[in-house]
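Worksheet for the structure shown next.
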Amino acid sequence: MIDAQKALTAFNELKTEVIGLIQNMSTYTCRNCGHEDHIFGHGGVAKEARKLGLPLLAELPLTIDVRLAGDAGTPIAAGDGPMAEAYGRLAARLIAAAEAGGQE
C-alpha cells in the first residue's frame, strides 16, 4: 500500500486523473488443497479507495496462470476461465470509467 500511496501522490502532483484502484495479488488459492489465503493482507486497498472517494475496480488473485499465459505470449484475458473473466470485468470497468470521463 505504501508504493500505491506514493504513486497516488505523484499522480496528484502531475494532475493525472486516477479513475480507481486495483488490488493485485489479492488472494492466493493453493492448487493442491484449495485453501485461500490473503498473503499480502486484505481490505487495505478497498479502505484506501473509500478514503479517496475512488472505486475499487478489481481484486485480482495471485495465480501462476497469469505468468504462464504471459510467458506464452498470450495475455490471461485472451483465454477462458475465472482469471480471464476477472480481467474482462476489469477491462469493462476501465472502459466504462473512460467513457464517463473518469466518473464511474
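The values are calculated or read from the model by the stated rules, or taken from the named source; none is laboratory data. All values derive from a computational prediction rather than experimental measurement. Every residue, glycine among them, receives a Cβ derived from its backbone with ideal geometry; neighbour counts consider all protein chains shown.
Key figures for this structure:
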| read-out | value |
| --- | --- |
| Close pairs (8 angstrom Cβ cut-off, 6 or more residues apart or separate chains): over 15 Å from Ala46 (Cα atoms) in the stretch 1-21, at pLDDT 90 or above and exposed (fewer than 10 other Cβ atoms within 10 Å of the Cβ) anywhere | none |
| In the stretch 41-62, residue surrounded by the fewest Cβ atoms within 10 Å (Cβ to Cβ) [restricted to those that are out of contact with any Gly (no Cβ under 8 Å at 6 or more places or on another chain) and of a type in the set (Gly, Ala, Ser)] | Gly53 |
| Members of the stretch 22-41 that are within 13 Å of the chain's Cα centre (by Cα) and either on the phi < 0 side of the Ramachandran plot or basic (Lys, Arg) (or both) | Ile22, Gln23, Asn24, Ser26, Thr27 |
| Given (1) in a helix (DSSP H, G or I); (2) among the aromatic types (Phe, Trp, Tyr); (3) at pLDDT below 90, index of the condition Phe11 fails | (3) |
| Filter result (among the hydrophobic types (A, V, I, L, M, F, W, C) and in contact (Cβ under 8 Å) with a residue 24 or more places away in the chain) within the stretch 22-45 | Ile22, Met25, Val45 |
| Condition check for Ala72: within 30 Å of Thr9 (Cα to Cα) and either at pLDDT below 90 or hydrophobic (A, V, I, L, M, F, W, C) (or both) | no |
| Candidates Asp3, Asp80, Asp65 - the one that is surrounded by fewer than 11 Cβ atoms within 10 Å (Cβ to Cβ), part of a helix (DSSP H, G or I) and not hydrophobic (A, V, I, L, M, F, W, C) | Asp3 |
| Output for the stretch 56-93, where each listed residue is among the aliphatic types (A, V, I, L, M) and within 11 Å of the chain's Cα centre (by Cα) | Leu56, Leu57, Ala58, Leu60, Leu62, Ala86, Leu90, Ala91 |
| Residue in the stretch 18-35 that is more than 25 Å from Ala97 (Cβ to Cβ) and either of a type in the set (Ser, Thr, Tyr) or surrounded by 11 or more Cβ atoms within 10 Å (Cβ to Cβ) (or both) present | yes |
| Matching residues in the stretch 6-16 - criterion: being loosely packed, with under 10 Cβ neighbours inside 10 Å and either closer than 21 Å to Ala98 by Cβ or in contact with a strand residue (DSSP E or B) (Cβ under 8 Å, 6 or more places away or on another chain) (or both) | Leu14, Lys15 |
